[in-house]
Amino acid sequence: MNVKTTHTTPGLLKSPFYPRLAPFNEAEQWGDWNGYANALFYKDAYTEYFTTRNSCGVYDVSPMCKYRIRGDDAEAMLNRMVTRDVSKQGINKVAYNVWCDDRGKVIDDGTIFRFAQNDFILMCAEPALDWLMLACEGFTAISVHEETEEIAGLALQGPTSCALLKALQLAGVENLTPFEIGQFAFPADNPVTQLTISRTGFTGDLGYELWIAPEHALLLWDQLFARGEPYGLHPYGEESLDMARIEAGFILPEVEFHGALHTVNLDHDHSPFELSLDWMVNLKKPHFNGREALIKEKQQGSPWRLLKLDIPGEKVAENAILYAEKICKTEIGYVTSALNSPVTKANIALAMVKGSHIDKDIFAEIYYQKELRWNRKVRKCTVQQKPFWWPDRGRATPPADY
């Protein structure tokens, strides 16, 4: 009997940039991001990290989930869903946002791109279509369309990123301010498509995100790398990006917090206040998901708080437990992310600490191996109020010589 089947296992999907990325990946280290092959590193994570600090690098953000939200009710729906006031977001601006359940616990975070009065794109690291459909209940003049496969994206990050874009003759790109969006005919000398550039990124440094139709993705790559050598251009992977985002103090889902829709134990999810995102919660605007719970938490205090810690010594405090005293008797928290920071020359960490102890002594119990034997250090931590790495070039319009 002849049997023909179409049931196959395709493996990881390939982004539009994969044909150019694959030759760089000498280590053949691929992770899974929303079903797409995502490079963990290409050859050496530390070398790639320095492209975002000393020159510039590209990271494939095509697997980012992208949802186009249009219609007369688009602003009102988003304003009811997220914690910030969408009505105050300007056209051609990007705003970082979180959205919560009715208990005021964060479901996910992402960025909202506003292209017109009633035209938005929500971008987030994990699928959010089901929640968006629920959020649309009660609104009629609205449409939501997933555009994940319709938009290819590259994060171009690092101090020479603006200079490289200027070398592509993208007139006025140097004038983009943080969180601003620009539209450019591309290529500049013989336009065949539109290139959208946002002054955004996940490194805390000067950087941009480039958005283009998938059929023109390789053209964008080739144009960048044809001019990129003098600017130190090189792709970087997830591991080096993780180093950069810790230095910038950026949180990561499933690392600093579990999304409220996926948490098994109700007390294992977190509010925006607990994640030190107070500045993103606008309690003066009308009703939004979780508002009443967040008002109550604001009055009573938060049970946890995400802190930035500077830790003496060179032993990375990965997975360290935090205590109220040096003898490690009273457990008060845990480290979520840790790094011996190459650029700040400091041993740093992001950590969740009980709200009752954020203004008191904090000690980290650190375990590490030396010649296969476990060693233990207890270090007193210093709380940092600002990001560990946040240079002026990442917060202002680049000077003329960039």
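The values are calculated or read from the model by the stated rules, or taken from the named source; none is laboratory data. Computed from a predicted model, the values in this text were never measured in an experiment. Counting neighbours? That spans all protein chains shown, and the Cβs are built from the backbone with ideal geometry, glycine included. Note: areas computed on protein heavy atoms with side chains; ligands, DNA, RNA excluded. Shrake-Rupley method; radii C 1.70, N 1.55, O 1.52, S 1.80 Å.
Of all residues in the range 372-386, which are in contact with a strand residue (DSSP E or B) (Cβ under 6 Å, 6 or more places away or on another chain), surrounded by fewer than 18 Cβ atoms within 10 Å (Cβ to Cβ) and among the basic types (Lys, Arg)? Correct list: ARG376, LYS377, LYS380. Within the range 18-33, the set of residues being of a type outside the set (D, E, K, R) and open to solvent by 60 Å² or more (accessible area, probe 1.4 Å) comprises PRO19, PRO23, PHE24, GLN29.
The condition (being among the polar types (S, T, N, Q), open to solvent by 20 Å² or more (accessible area, probe 1.4 Å) and at pLDDT 95 or above) is satisfied by just one residue among ASN97, ASN38, ASN54: ASN54.
Among all positions in the range 387-401, there is no residue which is open to solvent by 30 Å² or more (accessible area, probe 1.4 Å), outside any loop (DSSP other than H, G, I, E, B), modelled with pLDDT of 95 or more and aromatic (Phe, Trp, Tyr).
Of all residues in the range 276-293 being part of a loop (DSSP other than H, G, I, E, B) and more than 12 Å from ARG84 (Cβ to Cβ), which is least open to solvent (accessible area, probe 1.4 Å)? The extreme case among them is GLY290. Remark: pairs (first residue in the range 181-193, open to solvent by 20 Å² or more (accessible area, probe 1.4 Å); second residue acidic (Asp, Glu); Cβ separation under 7 Å; 6+ apart in sequence or on different chains) are absent. Residues of the range 222-275 being open to solvent by less than 10 Å² (accessible area, probe 1.4 Å) and over 19 Å from the mean Cα position of the chain (by Cα), which ones? Once the filter is applied, which keeps residues that are open to solvent by less than 10 Å² (accessible area, probe 1.4 Å) and over 19 Å from the mean Cα position of the chain (by Cα), the range 222-275 yields LEU224, GLY228.
Results for (1) over 30 Å from VAL82 (Cα atoms); (2) open to solvent by 30 Å² or more (accessible area, probe 1.4 Å), shown as yes or no for each residue.
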residue	(1), (2)
GLN117	no, yes
ALA141	no, yes
THR148	no, no
LEU156	no, no
LEU165	yes, no
GLU174	yes, yes
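When residues in the range 62-93 are screened for being open to solvent by 10 Å² or more (accessible area, probe 1.4 Å) and not acidic (Asp, Glu), 15 of them pass.
Of all the criteria given as (1) of a type in the set (Lys, Arg); (2) closer than 21 Å to LEU275 by Cβ; (3) open to solvent by less than 10 Å² (accessible area, probe 1.4 Å), the one not satisfied by LYS105 is (3). Residues that are closer than 19 Å to VAL353 by Cα, modelled with pLDDT of 95 or more, touching a strand residue (DSSP E or B) at 6+ places or on another chain (Cβ under 7 Å) and not small (Gly, Ala, Ser) do not occur anywhere in the range 279-302.
Residue count for the range 338-371 satisfying the condition of being under 19 Å from LYS315 (Cβ atoms), in a strand (DSSP E or B) and either of a type in the set (S, T, N, Q) or open to solvent by less than 30 Å² (accessible area, probe 1.4 Å) (or both): 15. Would you check if there is a residue in the range 316-328 being touching a residue at least 60 places away in the same chain (Cβ under 8 Å) and buried (at least 22 other Cβ atoms within 10 Å of the Cβ)? Among the residues of the range 316-328, at least one is touching a residue at least 60 places away in the same chain (Cβ under 8 Å) and buried (at least 22 other Cβ atoms within 10 Å of the Cβ), which makes the answer yes. If you go through the range 219-244 and keep only what is part of a helix (DSSP H, G or I) and within 22 Å of GLN29 (Cβ to Cβ), you end up with TRP221, PHE225, GLU238, GLU239, SER240, LEU241, ASP242, MET243, ALA244. Within the range 195-204, one or more residues are touching a strand residue (DSSP E or B) at 6+ places or on another chain (Cβ under 6 Å), surrounded by fewer than 21 Cβ atoms within 10 Å (Cβ to Cβ) and either over 25 Å from LYS386 (Cβ atoms) or not charged (D, E, K, R) (or both).
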